[in-house]
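Data block below; observations after.
The values are calculated or read from the model by the stated rules, or taken from the named source; none is laboratory data. None of the values given here were measured: they were computed from a predicted structure. Here Cβ is always computed from backbone atoms with ideal geometry, including for glycine, and neighbour counts include all displayed protein chains.
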Amino acid sequence: MKYLLRIGVCVAALLILLGGIYFLIENGTAPARYGSENVETQKEGIFFINLGIIVLSCIPLICMLLAFIIYAFKKDILYAALSFVVAALLTYSLMIGFGIHFFLSSPK
Amino acid sequence: MTNIEFSLITFLGSLLAGGLGAMTGLGGGIVITPLLVFLMGVDIRFAIGASLVAVIATSIGSTAINISSGFTNIRSGIFLATATTCGAIIGAFLINDVPTSALFILFGLVLLIALLHTPRKEKEVISSKLATFLELDGTIDDNGVIVHYGVRRVALGWFIMLIAGFFSGLLGIGSGALNVLAMDSIMKYPFKMATATSNFIMGITGAASIGIYFYSDIIEPTLIMPVILGVFLGAIVGAKIHAKIEAKNLRRLFSILIFLMALLMIYRGIRS
């Protein structure tokens, strides 16, 4: 569990760093815009950053699935059920996001 | 401002926020949003998205460290996460429907709540029936002395966690202060246990909102990049320093900073 968390965070951070460097090399001198006006889509490197964010958000889900398996093996029905509920809620939220945005940046 | 300048300043700001948050134990995630909004002129919803990702990262990072010290009660974490994830999903869905001025005011109020908490005097607690049924109690190793602790008022605690999850989803924060309020003041977990378990829960809560944030179009990858790298690095360095120094004055300073940010957020909300 400990190693899963550590490795997961490091992989996510590396992906985001990689994507960030790529993005800055390609777009470093373009003006930055994050105000309330529509943000222009800047594609380079976004894929890696998004992948990093997704890896990060999947770690809690993997933890809950692991917990579910462990409690199920211990025949601890109550906690197997509770971790299943949490895992299901996380899957629901992530599915909503992934379905639309995984490879796209901003379909408007 | 070019992208390089923007990323660099955001990175340094997040580094400072993450470092101060870890050093003082108040958590840096909560100041990320005001920092981005007031200093960098970022739209509040993009800032909320970036802050949430930072919350998930710090939660996972600190749980990786805490879990071996035994202060994280995983059972209680899973049980209470059923509340926070429900709340977070509802909150996250509402983010584009709540008017911006209300977001500012709510954020300011939650910042103020974060400052209110004072640890209670710990004394022995006998578990309630529901807590015994759920096996939420446990033992804590207090400098070599193994102490058993009980847990009470489970239903009320669960409900407060639902609200904490709601604000986490709506405002992109970890809701650490509300979590600890529920676990420490209401359910009577030992303080160390409450903070470590709250940290564990925050990552789960955050992951429950993030998919919906993607869906709501408030995840801006190039903004998140410097924030997350800064907070992450800051939190690691801060935690190392935290172990070595008594941070009372620093804590006071950071509290004043949070207080000022809260007032600014509320002022901006009322004005607009």
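Assess whether B:Leu170 counts as being surrounded by fewer than 24 Cβ atoms within 10 Å (Cβ to Cβ) and at pLDDT 90 or above.
no
Residue check: is B:Ile236 assigned to a helix (DSSP H, G or I), modelled with pLDDT of 85 or more and of a type in the set (A, V, I, L, M, F, W, C)? Answer is no for this residue. Evaluate the stretch B:212-228: report whether one residue or more is within 22 Å of B:Leu115 (Cβ to Cβ), within 14 Å of another protein chain (Cβ to nearest Cβ) and not aromatic (Phe, Trp, Tyr). No, the conditions are met nowhere in the stretch B:212-228.
The rows are residues; the columns are (1) within 14 Å of chain A (Cβ to nearest Cβ); (2) among the polar types (S, T, N, Q).
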site: B:Cys86; (1), (2): yes, no
site: B:Ile90; (1), (2): yes, no
site: B:Thr100; (1), (2): yes, yes
site: B:Leu103; (1), (2): yes, no
site: B:Leu112; (1), (2): no, no
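Criterion applied to B:Ile204, B:Ile210, B:Ile218 was being closer than 21 Å to B:Ala92 by Cα, touching a residue at least 60 places away in the same chain (Cβ under 8 Å) and surrounded by fewer than 24 Cβ atoms within 10 Å (Cβ to Cβ), and the one residue passing it is B:Ile218. Taking the stretch B:76-96 as the range and being within 10 Å of B:Ala164 (Cα to Cα) and in contact with a Lys or Arg (Cβ under 9 Å, 6 or more places away or on another chain) as the test, no residue passes.
In the condition set (1) free of Cβ contacts under 8 Å to residues at least 60 places away in the same chain; (2) at positive phi, B:His148 is compliant with all but (2). For the stretch A:15-35, the set of residues classified as assigned to a helix (DSSP H, G or I) and more than 13 Å from the chain's Cα centre (by Cα) consists of A:Leu17, A:Leu18, A:Gly19, A:Gly20, A:Ile21, A:Tyr22, A:Phe23, A:Leu24, A:Ile25, A:Glu26, A:Asn27, listed by residue number. So is B:Ala177 away from chain A (no Cβ under 14 Å), in contact (Cβ under 8 Å) with a residue 40 or more places away in the chain, of a type in the set (Gly, Ala, Ser) and assigned to a helix (DSSP H, G or I) or not? Against the criterion (away from chain A (no Cβ under 14 Å), in contact (Cβ under 8 Å) with a residue 40 or more places away in the chain, of a type in the set (Gly, Ala, Ser) and assigned to a helix (DSSP H, G or I)), B:Ala177 qualifies. Scanning the stretch A:1-57 for residues that are polar (S, T, N, Q) and either on the phi > 0 side of the Ramachandran plot or at pLDDT 85 or above (or both) gives A:Asn50, A:Ser57.
Evaluation of B:Met1 against the conditions (1) over 22 Å from B:Leu253 (Cα atoms); (2) surrounded by fewer than 24 Cβ atoms within 10 Å (Cβ to Cβ); (3) at pLDDT 85 or above shows that the sole unmet condition is (3).
The residues of the stretch B:14-30 that are closer than 17 Å to B:Leu229 by Cβ and crowded, with 24+ Cβ neighbours inside 10 Å, listed by number, are B:Ser14, B:Ala17, B:Gly18, B:Gly21, B:Ala22, B:Gly28, B:Gly29.
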